[in-house]
Protein chains: 2
Amino acid sequence: MDAGQIDQVRRFNRTVTERVGALHDHFLGRDRPIGEARLLWEIGEAGQEVRQLRERLGLDSGYISRLLRSLTDAGLVAVEPEPGDRRVRTVRLTEAGRAERTMLDDRSDELAGSLLRPLNAAQRARLVDAMGEVDRLLTAATVTLAAVDPDHADARHCLRSYFTELQERFEAGFDPARSLLPDAGELRPPYGLFLVARLHGEPVGCAGLKLPPGAPAEIKRMWVAPDARRLGLGRRFLSELEERAVRHGRDVLRLDTNKTLNAAKGLYEACGFREVPAFNDEPYAHHWFEKRIGRPPA
Amino acid sequence: MDAGQIDQVRRFNRTVTERVGALHDHFLGRDRPIGEARLLWEIGEAGQEVRQLRERLGLDSGYISRLLRSLTDAGLVAVEPEPGDRRVRTVRLTEAGRAERTMLDDRSDELAGSLLRPLNAAQRARLVDAMGEVDRLLTAATVTLAAVDPDHADARHCLRSYFTELQERFEAGFDPARSLLPDAGELRPPYGLFLVARLHGEPVGCAGLKLPPGAPAEIKRMWVAPDARRLGLGRRFLSELEERAVRHGRDVLRLDTNKTLNAAKGLYEACGFREVPAFNDEPYAHHWFEKRIGRPPA
DNA sequence: AGGATTCTCTGACTATGGTCAGAGAATGGA
DNA sequence: TCCATTCTCTGACCATAGTCAGAGAATCCT
C-alpha cells in the first residue's frame with residue numbers, strides 16, 4: 001500500500017476524530033450518559049428485543065440490563081416479556097422516550113449543521129460530495145460475501161426482494177413460473193453455489209452461480225438491495241463468481257439480462273463481458289453475455 | 001441549509017464514528033489507557049511544557065498531573081522544571097517513551113491500512129481523494145480570522161515567514177528596505193488593520209489592509225502558511241478585507257503582486273479584481289489589480 | 001418428567017476519566 | 001519587601017462504562 005495514501009488516511013482520521021468524534025459524544029450525551037443515549041437511539045420507534053440490542057451494541061447483558069433499568073426509572077422506555085417466549089423481553093419507547101429520541105435526532109442535525117455552517121456554498125457542496133464518497137467506500141469495505149445454502153433465511157430474503165423488484169421494473173411484470181428459474185438444487189454444491197452479501201449482519205445482496213457438469217458456468221439471480229447500491233457490490237459479485245467458476249474448472253461465464261436493467265448491462269460490459277446471441281430461451285431476457293475466464297485474453 | 005446535505009453529513013458522521021472512531025480508540029489504547037496514550041502522543045519528539053499540554057488537550061491540571069505521574073512511573077517520560085521559570089515543568093520522552101510512541105505511530109498506520117485493504121486500487125484512490133477533500137474542508141472550517149496589532153507575536157511570526165518566502169521565490173531575492181513597505185502604523189487603526197488566521201491557536205496566515213484617508217483601500221502582505229494552503233483561506237481573507245473596507249466607506253480595493261506569485265494572480269481574478277495600470281512604483285510588483293466594492297456591479 | 005439450555009437480572013467488583021478545593025513553590029510587580 | 005499571581009501537585013471525591021459469577025424463570029429436547 002502506498003505510503004502517501006496511508007498518510008492521507010491518517011490525517012483524515014485525526015481531523016475527523018477531533019472534529020466529528022468529539023463533538024458527536026458531546027452533542028449526544030449532553031444531559032444523559034452516552035451509553036443511555038446510544039441505547040435509546042438504538043431502540044428505535046418500533047421497539048426491540050433486549051437480546052437484539054445486546055447483539056447490536058455488543059454490550060454485556062448485565063450492563064444492558066442496568067441501562068434499561070435506568071431508562072425505565074426515567075420513564076423513557078417500557079420493558080415487557082415477549083408474549084411468545086416469556087424469557088425474552090422487548091423494549092418500547094414511551095411517549096416521553098419518543099420525545100427524548102426526537103431531541104437526539106435534532107442534536108444530530110445540529111451537529112451536522114455546525115460542520116457546514118462556517119463554509120460558503122461552494123465549499124459546502126464539495127464537502128457533502130466528498131463525505132458521500134467516503135461514506136460509500138467505507139461502507140463498501142465492510143460488506144462481506146459468504147456462500148450460503150439457497151434455503152438459508154438471508155438467501156430467501158434476498159430472492160424475495162429480487163422477485164418483487166423484477167415484478168415492479170419489468171414492463172409486463174414478472175411471473176416466476178414462466179421464467180427459466182434454476183431450482184435451489186442447481187445453486188448448491190456440487191451443481192452451483194449461492195452468495196449472500198451482508199452489511200452489519202443484514203443481507204444486502206445475492207448472486208447465484210450454476211455449474212452444470214461439462215458446460216459453461218452461468219450467473220443467475222444477482223441482486224443488490226437499493227440501500228447498498230453504488231458500493232461496487234455488483235462488480236465484487238462478478239469477480240468473486242468468476243474466481244469461483246475458474247476454481248471449478250470452467251473457462252466461460254455466461255449470463256442473461258432484461259433490457260430494463262440497463263445499469264446492469266453497463267456493468268457487464270465494464271467487467272469484460274461481451275454480448276452474444278441468445279444461448280437459452282428465457283422469456284424475460286433481452287441480452288445475453290459471455291466472458292472467457294481463467295487466463296488472460298490472448 | 002439544505003436538508004439533503006444535513007442528511008448526508010449525518011450518514012457520514014455515523015459511518016465514520018463507527019468505522020474510524022471506534023477502531024481508533026481500540027488501536028490506540030490496546031495496552032494503555034487511552035488518556036495516557038493520547039498524552040504520550042501529544043508530547044511529541046521535542047518535549048512540551050505541561051501547561052501547553054493542558055491547554056492543547058483541554059484537561060484538568062490535577063488530572064494531567066496524575067497521568068504524567070503514571071507515565072513517569074512507567075519510565076516513559078521525564079518531567080523537569082523549566083530552567084527559566086521553575087514553576088513551569090517540561091516533559092520529555094525517555095528512550096522507552098520514544099519507542100512506545102513509535103509503536104503508537106505504527107498502529108496508526110495499521111488502522112489506516114485496515115480501512116484501505118478491503119478495497120481495490122481504483123476504490124482506494126477514490127477514497128483517499130475524498131478523504132483529502134473532507135480533511136481540507138473540515139480544517140478550513142476551523143480556521144478563525146482575527147484583527148490584531150501588527151506587533152503582536154503571531155503577526156510578527158507571519159510577517160517573518162512572509163518575507164522569508166518572498167526572498168526564496170523572487171528571482172532576484174527580496175530586500176524589505178527596497179520595497180514600499182507600509183510601516184506598522186499604516187496597518188493599525190485608524191489607518192488600517194491587520195488580520196491573522198489561526199488554526200488550533202497557531203498563526204497560519206495574515207493580511208493587512210491600508211485605509212489611507214480619502215483614498216482607495218489597499219491590501220498588503222497577504223500570506224498563507226504552506227501547511228494551510230488549499231483551504232480557501234486566500235479567498236476568505238479577500239472577502240473579509242473587502243467587507244471591512246466597505247464598512248470604512250471605501251468603494252475601491254487595490255493590490256499589487258509579483259509575477260512569481262501566479263497562483264495569487266488567478267485568485268484575484270476569480271474574486272472579481274481586474275488588472276489595471278501601475279498605481280504605485282513598488283519595485284517588486286509586476287501586476288496591479290483593482291476592484292470596485294460596496295455595491296453590486298452596475 | 002427432568003435435565004439442558006436460553007435469557008434476563010442482581011450483586012460485587014474494577015478501571016477510567018474527570019472534577020474540585022486547597023497547598024506549596026516560584027515568580028512578578030508595586 | 002511583601003502581596004498577588006502563576007503553575008503544579010495532592011487528596012478526596014464522583015460518574016460512567018464495563019466485567020464476572022451466579023441465580024431464577026421460562027423453554028426446549030428427549
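The values are calculated or read from the model by the stated rules, or taken from the named source; none is laboratory data. Bear in mind that the values here come from a model prediction, so they are computed numbers and not experimental data. All Cβ positions, even for glycine, are placed from backbone atoms using ideal geometry, and neighbour counts span all protein chains on display. Heads up: the accessible areas ignore ligands, DNA and RNA and are worked out on the full protein's heavy atoms, side chains in. Shrake-Rupley method; radii C 1.70, N 1.55, O 1.52, S 1.80 Å.
Do we have B:ASP73 as within 18 Å of B:MET103 (Cα to Cα) and out of contact with any Asp or Glu (no Cβ under 9 Å at 6 or more places or on another chain) here? The answer is no for B:ASP73. Of A:GLY58, A:GLY113, A:GLY4, which residue is within 16 Å of DNA strand D (Cβ to nearest atom) and either surrounded by 13 or more Cβ atoms within 10 Å (Cβ to Cβ) or not aliphatic (A, V, I, L, M) (or both)? The match here is A:GLY58.
Among B:ARG87, B:ARG51, B:ARG69, which is without any contact (Cβ under 8 Å) to a residue 40 or more places away in the chain, surrounded by fewer than 16 Cβ atoms within 10 Å (Cβ to Cβ), under 25 Å from the mean Cα position of the chain (by Cα) and away from chain A (no Cβ under 14 Å)? Please lay out each step first, then the result.
Working: B:ARG87 fails: under 25 Å from the mean Cα position of the chain (by Cα); B:ARG69 fails: under 25 Å from the mean Cα position of the chain (by Cα).
The conditions single out B:ARG51.
Checked across segment A:15-22, the condition of being away from every other protein chain (no Cβ under 14 Å) and without any contact (Cβ under 8 Å) to a residue 12 or more places away in the chain holds for no residue. Would a scan of segment B:121-133 turn up a residue that is within 15 Å of the chain's Cα centre (by Cα), free of Cβ contacts under 8 Å to residues at least 40 places away in the same chain and not assigned by TED's automatic domain parsing to the domain that holds B:PRO283? Among the residues of segment B:121-133, not one is within 15 Å of the chain's Cα centre (by Cα), free of Cβ contacts under 8 Å to residues at least 40 places away in the same chain and not assigned by TED's automatic domain parsing to the domain that holds B:PRO283, which makes the answer no. Taking strands (runs of 3 or more DSSP E) as the structural unit, those lying wholly within segment A:213-298 and holding at least 1 residues that are in contact (Cβ under 8 Å) with a residue 24 or more places away in the chain correspond to A:217-224, A:252-257, A:287-292. Hey, B:HIS26 hits all of (1) away from every other protein chain (no Cβ under 14 Å); (2) within 11 Å of DNA strand D (Cβ to nearest atom); (3) open to solvent by 80 Å² or more (accessible area, probe 1.4 Å) but one; which does it fall short on? Evaluating B:HIS26 over (1) away from every other protein chain (no Cβ under 14 Å); (2) within 11 Å of DNA strand D (Cβ to nearest atom); (3) open to solvent by 80 Å² or more (accessible area, probe 1.4 Å) leaves (1) as the failure.
Residues of segment B:29-45 that are open to solvent by 90 Å² or more (accessible area, probe 1.4 Å) and free of Cβ contacts under 8 Å to residues at least 24 places away in the same chain: B:ASP31, B:ARG38. Among the basic types (Lys, Arg), surrounded by fewer than 16 Cβ atoms within 10 Å (Cβ to Cβ) and either under 22 Å from A:PRO283 (Cβ atoms) or under 19 Å from the mean Cα position of the chain (by Cα) (or both), is that true of A:ARG198? Judged against the criteria, A:ARG198 is not a match. Candidates are the residues of segment B:99-154 that are more than 22 Å from A:LEU115 (Cβ to Cβ) and of a type in the set (Ser, Thr, Tyr); the one that is nearest to the other protein chains (Cβ to nearest Cβ) is B:SER108.
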